[in-house]
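Okay, structure first, notes after.
The values are calculated or read from the model by the stated rules, or taken from the named source; none is laboratory data. Just so it is clear, the model here is predicted, and its values are computed rather than measured. Heads up, the Cβs are rebuilt from the backbone with ideal geometry, glycines too, and the neighbour counts pull from every protein chain shown. With ligands, DNA and RNA removed, areas are computed over all heavy atoms of the protein, side chains included. Shrake-Rupley method; radii C 1.70, N 1.55, O 1.52, S 1.80 Å.
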Amino acid sequence: MTTLFVSDLHLEADRPDIADQFLKFLETEALHADALYILGDLFESWVGDDDPNEHYAWIKQGLRKLSRKNIPVFFMHGNRDFMIGADFAAETAITILPDPCITEIHGQKVLLSHGDAYCTDDVEYQAVRKMTRDPQWQAMMLAKPLEERLAFAEQARAASQAHSGNIDQNIADVNQNAIENALREAEVSLMLHGHTHRPAVHEFEIDGQPAGRIVLGDWYEHGSVVRWDDDGPALNSLER
Ligand code: MN
């Protein structure tokens, strides 16, 4: 049996091709999996579980169908959909995981993360991250009318795109020391994350011991999945 991992689908109404591919994935491959882990940025933006956007209804239904077939679905917040809350989790019967989180797959421990917390060279981004992950800030946002939140999300998205365009590409990637420190602290030798949209399998050493980091890709041009069975994890793309 296989455990599946995906991240960075960035689903939005303007990109129905990605949603179609993901819904098909939920109805086919995922239906035969041990579990599905979604490691953040499932949605391009999320302003609160009360958003009645019809596009989200289809995705929620797809997740709920999978959960009802007794396939556990785990979700970790990304930097776009960190406002997904308890109502969404209840509606879809998914389990929200903390970031990072240690789990064991086929007898091997792995540290799961969205990945943005390790982009420590981007000081400006980390300041925004700290603010927006504060429960008090989130409560303040959720108290605003939906329209105001949607307008804010649009602004934040534009600002984030401008920022990404302005910074050095190395700064936007994860910091290797931050990764190694996290693995050391967790006493785990493998990390699986997304966020950077740089799918790859990295091998390195920590204190003389072999260690690794698997990076999931985004779903813009094709899907990206880690399939983990008895033979270990494999990073694959999913053609449309
Ligand atoms: Mn991200």
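Just to check your reading of the model, which residue among GLU104, GLU54 is modelled with pLDDT under 95 and not aromatic (Phe, Trp, Tyr)?
Result: GLU54 is the single residue among GLU104, GLU54 that is modelled with pLDDT under 95 and not aromatic (Phe, Trp, Tyr).
Given the conditions (1) in a loop (DSSP other than H, G, I, E, B); (2) farther than 18 Å from ARG149 by Cα; (3) under 16 Å from the mean Cα position of the chain (by Cα), which single one is not true for MET83?
Among (1) in a loop (DSSP other than H, G, I, E, B); (2) farther than 18 Å from ARG149 by Cα; (3) under 16 Å from the mean Cα position of the chain (by Cα), MET83 violates only (2).
Taking the range 1-14 on its own, how many of its residues are under 21 Å from ALA153 (Cβ atoms) and either without any contact (Cβ under 8 Å) to a residue 60 or more places away in the chain or more than 16 Å from the ligand (Cβ to nearest atom) (or both)?
Going through the range 1-14 one residue at a time, the tally reaches 4.
Would you call GLY115 at positive phi, at pLDDT 95 or above and within 16 Å of the ligand (Cβ to nearest atom)? Before the answer, list the steps.
On the way: at positive phi: yes; at pLDDT 95 or above: yes; within 16 Å of the ligand (Cβ to nearest atom): yes.
Considered against the rule, which asks whether it is at positive phi, at pLDDT 95 or above and within 16 Å of the ligand (Cβ to nearest atom), GLY115 comes out as yes.
Quick check on the range 187-201. Is at least one of its residues among the hydrophobic types (A, V, I, L, M, F, W, C) and modelled with pLDDT under 95?
Step one: filter the range 187-201 for residues among the hydrophobic types (A, V, I, L, M, F, W, C), giving 188, 190-192, 200-201.
From what's left, modelled with pLDDT under 95: none.
No, the conditions are met nowhere in the range 187-201.
Out of the range 173-204, which residues are small (Gly, Ala, Ser) and either touching a His at 6+ places or on another chain (Cβ under 6 Å) or closer than 14 Å to HIS114 by Cβ (or both)?
Answer for the range 173-204, where residues must be small (Gly, Ala, Ser) and either touching a His at 6+ places or on another chain (Cβ under 6 Å) or closer than 14 Å to HIS114 by Cβ (or both): ALA178, ALA182, GLY194.
Quick check, is PHE88 within 16 Å of the chain's Cα centre (by Cα) and part of a strand (DSSP E or B)?
no
Can you tell me how many residues in the range 25-42 are within 16 Å of the ligand (Cβ to nearest atom) and in a strand (DSSP E or B)?
Matching residues across the range 25-42 total 2.
Yes or no: THR2 at pLDDT 95 or above, in contact with a Lys or Arg (Cβ under 6 Å, 6 or more places away or on another chain) and open to solvent by 20 Å² or more (accessible area, probe 1.4 Å)? Outline the logic, then answer.
Values: at pLDDT 95 or above: yes; in contact with a Lys or Arg (Cβ under 6 Å, 6 or more places away or on another chain): yes; open to solvent by 20 Å² or more (accessible area, probe 1.4 Å): yes.
Against the criterion (at pLDDT 95 or above, in contact with a Lys or Arg (Cβ under 6 Å, 6 or more places away or on another chain) and open to solvent by 20 Å² or more (accessible area, probe 1.4 Å)), THR2 qualifies.
Could you identify the single residue in ILE18, ILE84 that is over 24 Å from ASN236 (Cα atoms), of a type in the set (Val, Ile, Thr), touching a residue at least 40 places away in the same chain (Cβ under 8 Å) and within 16 Å of the ligand (Cβ to nearest atom)?
After applying the criteria, what remains is ILE84.
Please list, ordered by residue number, the strands (runs of 3 or more DSSP E) wholly in the range 152-240 having 2 or more residues that are open to solvent by 40 Å² or more (accessible area, probe 1.4 Å).
Those strands (runs of 3 or more DSSP E) span 200-206, 209-215, 223-229, 232-238.
Those residues that are part of a loop (DSSP other than H, G, I, E, B) and among the small types (Gly, Ala, Ser), I need them from the range 51-80; list them, please.
If the condition is that a residue be part of a loop (DSSP other than H, G, I, E, B) and among the small types (Gly, Ala, Ser), then GLY78 is the only one that fits.
Listed here are the residues, each with its yes/no results for (1) under 13 Å from the mean Cα position of the chain (by Cα); (2) open to solvent by 20 Å² or more (accessible area, probe 1.4 Å); (3) without any contact (Cβ under 8 Å) to a residue 40 or more places away in the chain.
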| position | (1), (2), (3) |
| --- | --- |
| VAL47 | no, no, no |
| ASP50 | no, yes, no |
| LEU63 | no, no, yes |
| PHE74 | yes, yes, yes |
| GLY78 | yes, no, no |
| THR92 | no, no, yes |
| ILE96 | yes, yes, yes |
